[in-house]
């Protein structure tokens with residue numbers, strides 16, 4: 001599996017760390033839990049847990065879900081080394097195994113949804129299980145021309161998402177948009193020496209029914 005082989009190097013990329021830090025900062029602005037620390041959360045597609053390490057002090061517990069054993073192995077080691085007691089890694093295919101957590105207050109995901117072929121089913125699982133007034137928070141690629149994954153000819157996911165596309169899927173399920181903004185940009189360098197910027201969006205929605 002691609003992500004298993006990249007797990008040991010994942011945290012050595014400063015761009016990924018900065019991306020996670022900025023996404024986490026936006027999450028904090030939305031939920032504003034302060035020191036209450038009563039909310040529960042799920043990070044979907046957690047990888048090595050970069051985002052959740054920036055958020056661990058504002059949640060009572062975080063369940064971190066991924067399908068990559070290699071990523072979760074690194075995450076387990078980090079949790080042990082830092083003696084963290086409110087982060088719980090889970091190896092799960094949620095379409096078969098479910099979320100494994102009852103009514104989380106917040107579900108957040110960064111750069112994972114564009115890899116999901118059965119996107120509508122995954123989003124339905126999120127919205128059905130989210131607690132009343134809970135938040136679904138998404139960070140991902142703004143709709144692009146497919147060149148972001150041009151190095152991966154077998155890629156079967158999505159070429160980013162438009163704001164309207166996600167709203168059309170999520171509003172009928174009872175979610176209301178709270179925030180939408182671009183918060184980061186990834187610069188890709190190509191073999192011919194050219195570069196291209198790919199903006200990422202931050203989208204937060206609240207369950208209102």
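Read the figures in this text as sums done on the coordinates, not as results from a lab. This structure is a prediction, so every number in the text was calculated from the model and none was measured. For neighbour counting, all protein chains shown are included, and Cβ atoms are generated from backbone atoms with ideal geometry for every residue, glycine included.
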Per-region count, the stretch 158-206, residues assigned to a loop (DSSP other than H, G, I, E, B), over 27 Å from residue 32 (Cβ atoms) and more than 19 Å from the chain's Cα centre (by Cα): 5
Subset of the stretch 171-180 [surrounded by 14 or more Cβ atoms within 10 Å (Cβ to Cβ) and more than 15 Å from residue 139 (Cα to Cα)]: 173, 174, 175
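Could you run through the stretch 103-117 and say how many residues are within 17 Å of residue 141 (Cα to Cα) and either in contact with a helix residue (DSSP H, G or I) (Cβ under 8 Å, 6 or more places away or on another chain) or in a loop (DSSP other than H, G, I, E, B) (or both)? If you could, list the steps in order and put the result at the bottom.
In the first step, residues of the stretch 103-117 are kept if they are within 17 Å of residue 141 (Cα to Cα); the result is 108-117.
So of that shortlist, the ones also either in contact with a helix residue (DSSP H, G or I) (Cβ under 8 Å, 6 or more places away or on another chain) or in a loop (DSSP other than H, G, I, E, B) (or both) come out as 108, 110-113, 116-117.
Total meeting the criteria: 7.
So which of 59, 54, 44 ends up being buried (at least 18 other Cβ atoms within 10 Å of the Cβ), under 22 Å from residue 21 (Cα atoms), out of contact with any strand residue (DSSP E or B) (no Cβ under 8 Å at 6 or more places or on another chain) and in contact (Cβ under 8 Å) with a residue 12 or more places away in the chain? Write out each step before concluding.
Numbers: 59 fails: out of contact with any strand residue (DSSP E or B) (no Cβ under 8 Å at 6 or more places or on another chain); 44 fails: out of contact with any strand residue (DSSP E or B) (no Cβ under 8 Å at 6 or more places or on another chain).
Among 59, 54, 44, only 54 is buried (at least 18 other Cβ atoms within 10 Å of the Cβ), under 22 Å from residue 21 (Cα atoms), out of contact with any strand residue (DSSP E or B) (no Cβ under 8 Å at 6 or more places or on another chain) and in contact (Cβ under 8 Å) with a residue 12 or more places away in the chain.
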